[in-house]
Amino acid sequence: MRVEIGNHNLLSMQAQRQLSRIMKDAGVSAARLAAGSRLVHAGDDPAGSLAAARFRAQAASQVAAQRNARNLMDLLTTADGGIASIQNNLIRMRALAIEASNGALTDDERAILQLEFALLRAEMDNIARKTNYNGIHPLVTPPAVEPEETPEEPSGYQPPTGGLRDVTVQVDSDSVVMSIWDHAYLDGDIVSVDIDGQTIWDHYTIPRRYTEPEQETLVTLKQGLNRVTVRAENEGSVPPNTASLAISNVVDGPSVQRWDIHEGETAAFTIFFNIEEEAPEEEAEEAGIKAHIGIGNAQDADYFFIQNADMTSEALDLDNLNISEGEGALTAIASLDAALESASSERARFGAVTERLTNTEQFLQISRERTSASFSQVSDADVAEEISRFITAQIQAKTGAAMLTQANLLPQLLRSMVG
């Protein structure tokens, strides 16, 4: 048997490595037992961590959707109570109309009946307007949303004096090529050109056309109006000098702008580029109370709209009824029959929606249970397995520590034998 005594205790190093692995396994099991989850860190199971996050989000959304369904059922229950009270008023008003249509009554008696009739109608309107759930009034038509007025875009430019002009042209692209040249054959003009404050040419000596190549620059425009300003400094030239600015992609208006500049003048003119694009048609948002009872964002599958039921006397065409005369009483009977039919239909509609919400809540409860079960399957720790691993690691750690102690003592024993 070969025995080595040197600076490295290989037996001790091996024992330390094994003991380190055992302690790591024990730490993992302890962490999983303490957290109750096998996904303490994303590295424990990357795919499982992703699936667990999805299940958690789905379960949380199902809880919110279930709460939405309960809130909507409470709203519809409130609306149902309001319609029931209005129906009672309508029934009493019909009875008054029947009574007022009797020819045996005097005008004074019909006037008393009309007074009660009017009070019941006013109370019906009061019920419709005061039926309220969390600030929502389901028994009146919601006020129309006034479209925001788009302010006209101001020009922001006053044409300067001196014969210079303000020109408007229209282009069909958001990128145009601008070129500038000087018609004079003497000293060229110096110009600075900018669009809405963005410099295109800065103190540029414009070339003479036919004798020098003209300057071309690609310019990107914004949607709407773009103000182009040219500042010309005709330093020392013989007046008048004539220069031109050309614009590509013009569909309406002059494509070349030409101006005269006299000696010593610094002037500017403005061109507005109007890029007209057809605005996409906006889908009209459906009116009513939005019932979001799903975990997605698909109409009909995840949300739908509950239309308000306008139960005011004006909506039911009862606001002008008068039973103080026999003919008016007969007219009121027909109108009240139609109003009762409308109230009953709206109440039945709310009842049908309530039944749908009840079934939806039950479905969401079942779905939540299944989602929670799936999340548990992916993320929950197997307590029995982890306890078994932890105990095994404890036993191995004790043995490893003992062996490490012996490995550290072995070199000393060999040295004593040699000495």
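Every number in this text was worked out from the coordinates using simple rules, so none of it is lab data. What you see is a predicted model, and the numbers here were worked out from it, not measured in a lab. Glycine gets a Cβ as well: all are built from the backbone with ideal geometry, and neighbour counts include every protein chain shown.
In order along the range 331-338, the phi-based Karplus estimate (6.51 cos²θ - 1.76 cosθ + 1.60, θ = phi - 60°) of 3J(HN,Hα) comes to 5, 5, 4, 5, 5, 5, 4, 5 Hz; Gly and Pro are listed as x. Calculated from the alpha-carbon coordinates, the range 7-99 shows an Rg and a Dmax of 33.1, 119 Å respectively. Distances between placed amide hydrogens fall under 5 Å for residue 200 paired with 193, 194, 195, all partners being 5 or more residues away or on another chain. Per-residue Karplus couplings for the range 54-65, computed as 6.51 cos²θ - 1.76 cosθ + 1.60 with θ equal to phi - 60°, are listed in order as 5, 5, 5, 5, 5, 5, 5, 5, 5, 4, 5, 5 Hz, Gly and Pro entered as x. When 40, 383 are arranged by Cβ crowding within 10 Å, least crowded first, meaning fewest neighbours, the order is 383, 40. Amide H contacts under 5 Å for residue 290: 306, restricted to partners 5 or more places along the chain or on a different chain, H placed in the peptide plane at 1.01 Å from N.
Computed extension length for residue 398-residue 377: 4.2 nm, one decimal, from 0.36 nm per residue of separation with the Cα-Cα distance subtracted. Note on residue 109 and residue 303: with the Förster distance fixed at 51 Å, the Cβ-Cβ geometry gives a FRET efficiency of about 0.40. In this rough spin-label picture, where each label sits 7 Å from Cα along the Cβ direction, the residue 119-residue 18 distance is 10.0 nm.
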